[in-house]
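I have placed the structure first, in the form of structure tokens, so that the comments after it can refer back to it.
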Amino acid sequence: MLYERVPGMSFTLRPARDADIPALAQLIPESVRGLSGGYYTPGQVESALAHIFGVDTRLIEDGTYFVAEADGQIVGGGGWSRRSTLFGGDERKAGAPDDLLDPATDPARVRAFFVHPDWARRGIGRALLSACESAAREAGFRSLELVATRPGEPLYTACGFDIVERFDIPVRGGDPLPAARMAKVLAPPLPS
């Protein structure tokens, strides 16, 4: 997918590139602060921004992270991964192994979804998720897994994901962040 104009929508999707990292680093806190109210305390939000959420440059390097652009601005981002990390940006991984998964036996990971609050509920999350599902299916994966924050859970549920378990993500020096591990079986590819 080079550029894809989403029918009926005022944004385009494309693979992220290294030059997008500064814009993504700005988008992530705007998204988390703007969309987490009512779900998490301000302290949980700030701790999560400091220790969990952030740009995952491996997704960009792997070509599995997409951005949504509108009027020349990045207004959303989300990706999938063929690697073992389930959630968190570069800082959270900090040298931890990120082994390749086996598409025949492991679920692909849906990762790092963020939408600017001014662009929420306009189809960006669904479009990004659809692009990720298609790409993971093309790579041979038969299922997906993700960790959903409370604000993201309604989107993933509406898109066919089921909650596998609820748990708290420990946050260094702060209150834990309630989350849910969710999964979805991918429909087989259509015959050519």
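List of remarks:
- Rounded to the nearest 20 debye, the dipole size of the chain about its Cα centre is 360 debye, using +1 on the Cβ of Lys and Arg and -1 on the Cβ of Asp and Glu.
- For the range 45-192, share of DSSP beta bridges that run antiparallel, in % to the nearest 5: 95 percent
- Choice from Ala70, Ala48, Ala179 showing the highest fluctuation, given a GNM over the chain with Cα pairs closer than 10 Å: Ala70
- Of the residues Gly78, Gly174, Gly125, the one that moves most in a GNM of the chain with alpha-carbon contacts below 10 Å is Gly174.
- Put in order of Cβ neighbour count within 10 Å, fewest first, the listed residues Leu128, Leu27 become Leu27, Leu128.
- Seen from Gly79, the other residues with C-beta closer than 10 Å to its C-beta sum to a net charge of +1, counting Lys and Arg as +1 and Asp and Glu as -1.
- Helix-only arithmetic for the chain: the sum of -39500 (n - 2.57) across DSSP H runs with n ≥ 4, divided by the residue total, places the mean residue ellipticity at 222 nm at -8500 deg cm²/dmol.
Here, each number is a calculation from the coordinates, and none is a lab measurement. What you are looking at is a predicted structure, and each value in this text was computed from that prediction instead of being measured. A quick note on method: Cβ atoms are made from the backbone with ideal geometry, for glycine too, and the neighbour counts reach across all protein chains shown.
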